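Written below as structure tokens is the structure these notes are about.
The values are calculated or read from the model by the stated rules, or taken from the named source; none is laboratory data. Small disclaimer: the values here were computed from a predicted structure and weren't measured. Quick reminder, even Gly has a Cβ in these numbers, built from the backbone with ideal geometry, and neighbours come from all protein chains shown. Side chains are part of the model used for accessible areas, which takes the heavy atoms of the whole protein and leaves out ligands, DNA and RNA. Shrake-Rupley method; radii C 1.70, N 1.55, O 1.52, S 1.80 Å.
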Amino acid sequence: MRKGGSGKAVAAEAGLDRSLVELINLRVSQLNGCAYCLNVHTRAALRAGETSQRLGVLAAWRDTELFTEREQAALALAEATTEPANAVAQERAYENARQVLDDEISAVIWVAITINAFNRVSILSKHRVTASPDSRSSI
């Protein structure tokens, strides 16, 4: 994998599907409390084929049977990248990811780092979320 570049380009080069990238973007944005990025990436996840059920329980992904082993490894690694103060959890997530993700591990980390940076910029810039025309539709 080449060094540098956008998270999107690195993910594509590593073979990460768009749906997994958006799950990572959403989970990291949940942890950081970035409303703007949650809004943007929820729509992107739906366009990538994610279901409303999976998106609705993403914050509690460990308590469901809705995510594959590969997705679970990526989500755990993204969380460990976002909250690096817990060295034990970080090491456990990395070791598990090495066995499940193999060549994609660097791309998952890069995606998590990229969305963390965007979250911080968006939060500090006070990007606002406004209602979209489809936001009032019933489920």
Karplus-derived 3J(HN,Hα), 6.51/-1.76/1.60, for each residue of the range 51-66, Hz, glycine and proline x: 9, 5, 5, 5, 5, x, 10, 4, 4, 10, 4, 5, 9, 10, 10, 8
Between TYR94, SER106, VAL40, whose Cα lies farthest towards the positive end of the dipole of the chain when Lys and Arg beta carbons carry +1 and Asp and Glu beta carbons carry -1, centred on the Cα centre? VAL40
From the helices alone, meaning DSSP H stretches of at least four residues, give me the mean residue ellipticity at 222 nm for the chain, per-run term -39500 (n - 2.57), in deg cm²/dmol to the nearest 500. -20000 deg cm²/dmol
Let me know the charge dipole size of the chain about its Cα centre in debye, to the nearest 20, where only the beta-carbon of Lys, Arg (+1) and Asp, Glu (-1) is charged. 700 debye
So for the pair ASP102, ALA48, with labels modelled 7 Å out along Cα→Cβ, what separation do we get in nm? 2.1 nm
Can you list the DSSP H helices in the chain whose Cα atoms extend at least 15 Å along the helix axis and whose mean Kyte-Doolittle hydropathy is 0.0 or higher? 18-32, 35-47, 105-124
Magnitude of the Cβ-charge dipole (Lys and Arg +1, Asp and Glu -1) of the range 1-75 about the Cα centre, nearest 20 debye, reported as 320 debye
Per residue, how many Å² of accessible area does the chain show with a 1.4 Å probe? 59 Å²
Relative contact order, percent, of the range 35-107 when contacts are C-alpha pairs under 8 Å separated by at least 6 residues? 23 percent
Under a plain spin-label model, where a point goes 7 Å from the Cα along Cα-to-Cβ, how far apart in nm are ALA117 and GLU65? 4.1 nm
Using a 1.4 Å probe and ignoring any ligands, DNA or RNA, find the accessible area of HIS127 and quote it in Å² to the nearest 10. 90 Å²
